[in-house]
Amino acid sequence: MDSPELEIVKRTAALARLEITDAEARTLAPQFARILAQFQVLTSVDVEGVEPMTGATRLADVTRADEPRASLPRAATLANAPDERDGFYGVPKTIGGGS
Amino acid sequence: MSTAAAGVVSGQTGTRWIPVIGLEVHCQLDTRTKLFCGCEYSFGAEPNTITCPVCTAQPGALPVLNSAALEYAVRAALALNADVAPVSKFDRKNYFYCDLPKGYQISQFDLPYCTGGGIQLASGKFIRLTRIHMEEDAGKAIHDRGDATLVDLNRAGVPLIESVTEADMCSADEAHEYLTALKEIFQYIGVSDCDMEKGSLRCDVNVSVHPEGEPWRTKVEVKNLNSFRNVRASIQYEIARQIEAYETGDPAQYPEQETRLFDVAAGVTRTMRSKEDAHDYRYFPDPDLPLVTVDAVLIERQRGLLPELPVARRARYESELGLSAYDAGVMTAARDVADFFETVVRVGGDPKAAANWIANDVLRALSDPDVAASSILELLVKPNDLAELIALVGDGTVSKNAGREVLDEMLRSGARAKDVVQAMGLEQVQDTSQIDEWCRAALAGREATVADVRAGNLKAIGALMGPVMQASKGSADPQLVRAALLRIIGEEG
Amino acid sequence: MSAYEELDATALAESIVRGERTAEETTADALRVIDERNDELFAFVSVDREGALARARALDERRAAGEAPGPLHGVPVALKANMCLAGAEVSCASKILAGYRPPYTATFVQRLIDAGAVPVGMTNMDEFAMGSSSENSAFGVTRNPWDVTRTPGGSSSGSAVAVASGMVPIALGSDTGGSVRQPAAMCGIVGYKPTYGRVSRYGLVAFGSSLDQVSPFARSTRDACRVMEVISGPDELDSTCVDAPPVAAGAGTGALAGLRVGVPPEYFPDDLDADVRACVEAAIEAMRAKGAEIVPVSLPHTDVAIPTYYVVATAEASSNLARYDGVRYGPRAEGDGTLQGMFAATRDAGFGDEVKRRILLGTYVLSSGYHEAWYGRALRVRRLLADEFDVAFQEVDVVACPTAPTAAFSLGEKSADPVAMYLSDTMTVPASLAGLPACSVPCGFVGARDAQLPVGLQVIGRPLADELVLAVARAFEAATDHRRRPPRSAGGAA
Ligand SMILES: [Mg+2]
Ligand SMILES: [Zn+2]
């Protein structure tokens, strides 16, 4: 039976698409636990009635006009692609399953 | 299994099952550029040619909101009588898929720009909207070519509005009607072409069933339905599948909370992912995008752009123009047709005749390869021209049948009705002395028929009309011929 | 004509404009110093020799043809390896972006180029700007020119060292929680983090989007002002970029007399390095001597800034780094042959330990069941931190404090202990969370006479008070004499 930290590390790694080995998970779990323990101090702060600060600006309503800008040439878009096929990005065969 | 009134489905065991259905509809907005970048989207372009650093998620690129997308979204909300939030925000919905370049979709989570509103069905039932939010589309993954999946990011970043209903529907018919009405409205107000074939309208359905009088049961989601037919079929399939599962009485076989896909070929839904591997989207406010504000000025400007909506038009066509419910429905199903019809009427065309001509002849012409028009607006026949033709038929200048030939020619060449009639020599002969002459010639030698008519059998007059029309080579006005025959027979009796 | 390394960017540009040297000679000088010192210090991960010389020659030709010079005419500049310049390799010191050449140029990079600056290469950094020592680079460690056994600080390690060691007079770094101020302090140069939104982030590879700011390194505050004048100002490609005019380069001639300087006791904790404390207290005393009024101010939430910062920054990073999936760029690992397996294998092979640790932490604090307790709470504490700065700035014009709790520490000293490493950002993260302008300016040295290490004074201002913060730093610089070129040989005295 894995420790709760090990469980969390494994589950979170899967969610983040980080393929970690068991050994890595065992190294990370105590580090993770220590970091979270250190961060527990946050729970002592009284935040009753405090609005969350979601960004560092007080800007709102920033928009642009609906005017086209030049798209990139396809060769430039695909230049860095590890698997370019006929103008597409190639990836391992998969069937559906986005959102 | 049989369907009774108001959505109740009777199962094999005699249980009365109530289906519960909600819809989530994704609709592409017809803005020039994408939601967060200046790429000018067009359907069917070569793959990956309408992309830039922003919509291909190049490291360091940032989103900037398209003001027109916000305006269109607000207009859609107003058309559905929904409330537009003065402040909303964009959030990141995090998941990994090959068509999602950033690894997250910019969407709206707990503060959507629009809540409430809804659509009334013909039955009077009101389908409530929970919310509408703005979000960006993903790219396209093509799975049926070769040994790899191919990714095209042209569509990535196209603006969508997602309309989510309450689970207010209880049959595939209701869902179909809601969807039709939603599509009509969005098309009318000019925010989307709602073309399911091009993917600019996509639908997810949530279906559950429960025995009448009992609490709701497990909800199943069917995703990515891309035709009205598939929406209907998948709902019908799910209702039947779920009832069957419950009626086994074996809890192990009961429906699970899961996401399914509709297999069009087989006509069934299949598990896409179960609850265990459900996503944890880790929504949080997108730090790259400040809050979205909508003020009264923006709302009023968009309200001013709302046309009369289809339901209101339909009612007016019936009450003011005297159309049948059926004709009113055909005339209002698409905004361009309704606008065309109204212009014909405004320039003097008789409403009923206009509706008949449009429904039977004009719309049919759109599928004629010789006409080469994909919408009523592209036809060479303009509302003025049709009104003129209607008048020519109305006053007897040409017969209805000849009128059809005239319209065909007008559609092909763009010529005016009067000119076509003249050129084709289709004008009806109205000269009564000429008509009298043809009639007298026809009566000669048909004494028996004449006697029949005199005896009061007016139907027999038909046998006399033929020879007259033949003699005139079809150009005699049949009304005048009939009158002349009766007069001459009377005079001579 | 003075030696290349003696001059700051302002003086270099002026001397080129006066015709005392050419842009090409100046670029050749930069390349010469890089050749001399980069093997030892590893400031640059790549140098674009031909491109830089060609650009410099073109500048000389345009000048000869009578074109008006820009404010950075002919000045060699270094870019951190997380800044996009079309065609250059922008690796973020990560294997996952090895070989990546962006198809576009960052707004701020284009502005530098338009002002006549000559980018000579990309500098080393902690991978994806995650770190405080350069030890998280996938390509090797950058060394402090004052003592090559020590860290130059991080994450903008290479840019700091490129400036401190005389390779280039100015460089850009990115400051998310102190990644420019802390290495500036540890390398004895000026590091300036602008108000959040003052410089466009378009083309800066994101770490923590609500915190990241492009920030200059310079050997003088007047150079920092000049770079800010060039790179700041609105940008329609960054929605978080504020609609304020560019920072005025003329700013920064202000006097200290009459200035109200707040000193928060929370930045002088008991465990603060004694030498650093003495150094900074002396600096504040020097300000008082020049007429500043020193006022104690309270910033009580300073002690929770580190966890707040690490929750917010890693949450954003976990999402920002999701795009590195092996589809559109970077090397791919096939994994088990499935799509999701390819993602996981690519990310496993491409990311280093610290980046993985932070992605994990950020994913965790956003995940269902923990979201409100960690991320939600951190956003509220962040508001408290910003609010208490607002209160302080009702009493004072600027806040003065140490930039870092210690001088440069030894390489390897903290690399095994993430928490200890995180704590080295204690004094820089509060201004980042609040989005405030903050400048680290050299304020003295600690250590034995033959092994001195520089210390930085941090000046923090209210939002958009960039000119004032730079003016105060400049007045302090003028009133003191802490600006010294580091030794040519490692470990020696200045
Ligand atoms: Mg959606
Ligand atoms: Zn784009």
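Fully extending the segment from B:Asn457 to B:Ala483 would add 7.8 nm, taking 0.36 nm per residue of separation and subtracting the current Cα-Cα distance. When the Cα gyration tensor is reduced to axis lengths a ≥ b ≥ c, the ratio a/c stays below 1.5 for chain C, which is therefore classed as rounded. Exposure proxy ranking for B:Leu62, C:Leu361, based on other Cβ atoms within 10 angstrom of each Cβ and starting from the fewest, stands as B:Leu62, C:Leu361. Proximity of backbone amide H atoms, modeled 1.01 Å from N, is registered between B:Cys114 and B:Ala85, B:Ile132 at under 5 Å, excluding neighbours fewer than 5 places apart on the same chain. Between B:Val429 and B:Lys219, what FRET efficiency follows from the Cβ-Cβ distance if R0 is 60 Å, with the result rounded to 0.05? It comes to 0.25.
Listed by chain and number, the aspartates and glutamates whose alpha-carbon sits under 18 Å from that of C:Lys414, ignoring those within fewer than 8 places in the same chain, are C:Asp126, C:Glu127, C:Glu135, C:Asp147, C:Asp271, C:Asp273, C:Asp353, C:Glu354, C:Asp425.
Mean sequence separation of contacting Cα pairs (under 8 Å, at least six apart), scaled by the length of chain C, corresponds to a relative contact order of 18 percent. Measuring between alpha carbons in the structure, the pairs from B:Lys198/B:Lys219; A:Lys93/C:Lys95; B:Lys89/C:Lys356; B:Lys140/C:Lys356; B:Lys223/C:Lys95 lying more than 31 angstrom apart are B:Lys223/C:Lys95. Among C:Asp8, B:Asp295, B:Asp339, a tally of other beta-carbon atoms within 10 Å of each Cβ gives an order, fewest to most, of B:Asp295, B:Asp339, C:Asp8. What FRET efficiency comes out for C:Val419 versus B:Asp83 if R0 is 41 angstrom and r is the Cβ-Cβ distance? Round to the nearest 0.05. Calculated value: 0.30. Here the simple spin-label model places points 7 Å from the Cα toward Cβ, and for B:Asp280 and C:Ser368 these points are separated by 0.9 nm. FRET efficiency for the A:Arg11 to B:Arg32 pair, using the beta carbon distance and R₀ = 41 Å, is estimated at 0.40. Axis angle, to the nearest 10 degrees, between helix A:22-39 and the longest C-alpha principal axis of chain A: 70 degrees. Segment B:Lys125..B:Ala312, full-extension length gain: 65.7 nm, with 0.36 nm per residue of separation and the alpha-carbon distance subtracted. Rounded to the nearest 5, the antiparallel percentage of DSSP beta bridges internal to the protein assembly as shown is 80%.
Cβ crowding within 10 Å, taken as a proxy for footprinting-reagent exposure, orders C:Asp223, C:Asp348 from fewest neighbours to most as C:Asp348, C:Asp223. Bridging of B:Lys473 to lysines at a Cα separation below 22 Å is possible for B:Lys400, B:Lys418, once same-chain residues fewer than 8 apart are set aside.
By how many degrees, 0 to 90 and rounded to 10, does the Cα axis of helix B:228-247 deviate from the longest principal axis of chain B? The angle comes out at about 60 degrees. For chain A, the longest principal axis of the Cα atoms and the long axis of helix A:4-15 meet at an angle of about 10 degrees. Of all DSSP bridge pairs formed entirely within the range B:214-323, close to 60 percent run antiparallel. The residues packed around A:Leu28, meaning those with a beta-carbon under 9 Å from its beta-carbon, carry a net charge of 0 if Lys and Arg are +1 and Asp and Glu are -1. Beta bridges assigned by DSSP with both partners in chain C are antiparallel in approximately 70 percent of cases. Here the Karplus relation 6.51 cos²θ - 1.76 cosθ + 1.60, evaluated at θ = phi - 60°, turns the backbone of the range B:343-351 into coupling constants of 5, 4, 5, 5, 8, x, x, 5, x Hz, with x for every Gly and Pro.
Dividing the helix sum by the residues of chain B, where each DSSP H run of 4 or more adds -39500 (n - 2.57), gives a mean residue ellipticity at 222 nm of -11000 deg cm²/dmol. Across the alpha-carbon atoms of the protein assembly as shown, the computed radius of gyration and Dmax are 37.8, 144 angstrom. For B:Lys352, the aspartates and glutamates whose Cα falls under 19 Å of its own Cα, not counting residues fewer than eight places away in the same chain, are B:Glu318, B:Glu320, B:Asp327, B:Asp336, B:Asp339, B:Glu342, B:Asp361, B:Asp385, B:Glu388, B:Asp395. Distance between the 7 Å Cα→Cβ label points at A:Arg34 and C:Ala479: 4.3 nm.
Site pair B:Arg301 and B:Val264 shows an inter-label distance of 4.0 nm when each label is modelled 7 Å from Cα along Cα→Cβ.
Readers should treat all values here as calculations from the given coordinates under stated rules, not as data from a laboratory. What you are looking at is a predicted structure, and each value in this text was computed from that prediction instead of being measured. Don't worry about glycine lacking a Cβ; one is built from the backbone with ideal geometry, like all the others, and counts go over all protein chains shown.
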